[in-house]
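Novice: The structure that follows is given in the form of structure tokens.
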Amino acid sequence: MIVLGIETSCDDTGVALYCSKRGLLAHTLFSQVDTHQLYGGVVPELAARDHTRKVIPLVDTVLCEAGVTGEQLDLVAYTRGPGLAGALLAGAAVARSLAYGWGLPALGIHHMEGHLLAVLLDDKEASFPFVALLVSGGHTQLVDVRGVGDYRILGKTLDDAVGEAFDKTAKMLGLEYPGGPVIERWARQGDSSRFKFPRPMTDRPGCDFSFSGLKTFALNTVQAWRQEHELDDQTIADVAYAFQHAVVETLVIKCRRALEATGYKRLVVAGGVGANSALRAGLGEMVGTCGAELFYPPMELCTDNGAMIAYAGFLRAGEASAAEEGFDVQPRWSMEELAPPVV
Ligand code: KG4
Ligand code: ZN
């Protein structure tokens, strides 16, 4: 079976082909970062327009690279939600139209399920059950994953997603968007002894998170410094370090709790923030002390991509419907509403 996957939930247009026998045949991505950088964050209307422009050329690219035609495919999978409504609609409309034209079924996929199953594309040893830490620009969740479609949320953010907190903190430091990779770079030059940020909600039981206070703490730190001085490079680096260190320690504490609560020995990390090397180091150390194993998708599949959508489409192919039935998207959609695949 060959599945075309189309991801358009936010600011990356991802397109890929997954083959059940040969694995990933091709995957390509267009990042809209340059467009949104000017505004310091994603502008939904511009995102939707850019997806509309880019999806078809990217589909042509993957078909050409894999040497297959549309008619030879078995399924078109696309991101149905959660995400930006206009961006989701742009991808869904193209995916459904292509499927209709090629006489194929189409299937809408949950973006976060795509993220958490992407790990199986690389490392088949990451078997069920496992705890998943999903950390992206829109989500921060710890999930008890017993199998495909069998998810229980152990904890989630009560306010900002962790990626969003990285992006907002970077913006207040005058750094570019997206903030995560930039903060990570600046933090390498940071002095670890200068600022001490709080570890939000770690003094309370449970696995919920809160990151908006940390962002405000960063803002207050910067404003206090600015009353007397210019915002110099060393201060930017020191705030970046303190912020990132607090985020990492908080995530590590909650992940340890989730492993203890479930008794599982496997932790899967997915979503854009999973690319952060300080987080990877902190989690690596923690799992070492509690005899657990840590799994990640391949680096380029940590952030948004079409491969995870194609793969989730393959796992759920039994639910695909004929393309002429119309479609909707689901900008807000809890993973707990999903059920195991229909076989
Ligand atoms: O999963 P993703 O690509 O898109 C969403 O579904 O949101 O995640 C994007 C988020 C952004 O907030 C970005 O700043 C963050 O992931 N991110 C990082 C790193 N790379 C991307 N955060 C921290 N460190 C990184 N290296
Ligand atoms: Zn994502």
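Bear in mind these aren't lab numbers, they're just calculated from the coordinates by the rules spelled out. Because the structure is predicted, anything quoted here is derived from the model rather than measured. When we count neighbours, we look across all protein chains shown, and the Cβ atoms used for this are built from the backbone with ideal geometry, even at glycine.
Novice: For a paramagnetic label modelled at 7 Å from the Cα of E45 toward its Cβ, which residues of segment 70-110 fall within the zone defined by backbone nitrogen distances under 17 Å?
Specialist: Answer for segment 70-110: 84-90.
Novice: For segment 21-125, what does the convex hull of the Cα positions come to per residue, in cubic angstrom?
Specialist: Working: hull volume 12.7 nm³, N = 105.
Dividing the Cα hull volume of segment 21-125 by its residue count gives 121 Å³.
Novice: Something else now. Once the Cα gyration tensor of the chain is found, what semi-axes does its equivalent ellipsoid get, as square roots of 5 times the eigenvalues, in whole Å, sorted largest first? Present the calculation step by step, with values, prior to reporting the outcome.
Specialist: Details: eigenvalues 250, 111, 52 Å².
Gyration-tensor ellipsoid for the chain: 35, 24, 16 Å.
Novice: Let me ask you something else. Summing Lys, Arg as +1 and Asp, Glu as -1, what charge do residues with Cβ under 13 Å from the Cβ of D232 carry, D232 excluded?
Specialist: Numbers: positive: R194, R226; negative: D191, E228, E230, D233, D238.
Within the 13 Å Cβ shell, the charges total -3.
Novice: Looking at segment 115-180, I'd like the Rg to Rh ratio, where Rg is from alpha-carbon atoms and Rh is Kirkwood's inverse mean 1/r. Present the calculation step by step, with values, prior to reporting the outcome.
Specialist: Working: Rg = 14.6 Å, Rh = 13.3 Å.
Answer for segment 115-180: 1.10.
Novice: While we're here: What number comes out for the charge environment of G14, summing +1 per Lys or Arg and -1 per Asp or Glu over other residues with Cβ under 9 Å away? Walk me through the intermediate numbers first.
Specialist: Values: positive: none; negative: E7, D12, D304.
After counting each charged neighbour, the total is -3.
Novice: Okay, next question. Helix-only mean residue ellipticity at 222 nm, the chain, DSSP H runs n ≥ 4 weighted -39,500 (n - 2.57), per residue, nearest 500. What is it?
Specialist: On the way: 11 runs with 145 residues, N = 343.
Rounded to the nearest 500, the figure is -13500 deg cm²/dmol.
Novice: Which residue, G70, I236, A292, has the largest displacement toward the positive end of the dipole of the chain when charges sit on each Cβ (Lys, Arg +1; Asp, Glu -1)?
Specialist: A292
Novice: While we're on this one: Using Cβ contacts closer than 10 Å as the measure, can you line up V252, V268, V162 from fewest to most? Mind dumping the intermediate values first?
Specialist: Working: V252 21, V268 25, V162 28.
Ordered by Cβ neighbours within 10 Å, fewest first: V252, V268, V162.
Novice: Determine how many Å³ per residue the convex hull of the Cα atoms of segment 127-296 encloses. The partial results should precede the final answer.
Specialist: Details: hull volume 17.7 nm³, N = 170.
Dividing the Cα hull volume of segment 127-296 by its residues yields 104 Å³.
Novice: Can you give the FRET efficiency for I153 and H229, using 1/(1 + (r/R0)^6), R0 = 45 Å, r = Cβ-Cβ distance, to the nearest 0.05?
Specialist: Working: r = 44 Å, r/R0 = 0.97.
Approximately 0.55, to the nearest 0.05.
Novice: Okay, moving on. Can you give the FRET efficiency to the nearest 0.05 for S97 and R22, using r as the Cβ-Cβ distance and R₀ = 35 Å? Write down the numbers at each step before the final one.
Specialist: On the way: r = 27 Å, r/R0 = 0.77.
That gives a FRET efficiency of 0.85.
Novice: Here is a follow-up. Which of K171/K265; K21/K254; K21/K156; K168/K265; K168/K254 have a Cα-Cα distance over 27 Å? Don't jump to the answer; show the numbers that get you there.
Specialist: Working: K171/K265 37 Å; K21/K254 38 Å; K21/K156 36 Å; K168/K265 34 Å; K168/K254 22 Å.
K171/K265; K21/K254; K21/K156; K168/K265, as the Cα separations exceed 27 Å there.
Novice: A further question follows. In vacuo Debye scattering of segment 218-343, one point per C-alpha: log10 I(q)/I(0) at q = 0.13, 0.15, 0.18, 0.19 Å⁻¹?
Specialist: -0.80, -0.94, -1.11, -1.16
Novice: Tell me, in nm to one decimal, what length is gained between D74 and T216 on full extension, where the rule is 0.36 nm per residue of separation less the Cα-Cα distance?
Specialist: The D74-T216 span can extend by a further 46.2 nm.
Novice: Next question. Would you be so kind as to identify which of L133, H245, L259 lies farthest towards the positive end of the dipole of segment 127-296, taking Lys and Arg as +1 and Asp and Glu as -1 on Cβ and the Cα centre as origin?
Specialist: Final value for the positive-end residue is L259.
Novice: With the cut-off at 1.5 for a/c, could you classify segment 219-258 from its C-alpha gyration tensor as rounded, prolate or oblate?
Specialist: On the way: a/c = 7.12, a/b = 2.96, b/c = 2.40.
Prolate.
Novice: Another question, if that's okay. Under a plain spin-label model, where a point goes 7 Å from the Cα along Cα-to-Cβ, how far apart in nm are M1 and E65?
Specialist: About 2.3 nm separates the two model spin labels.
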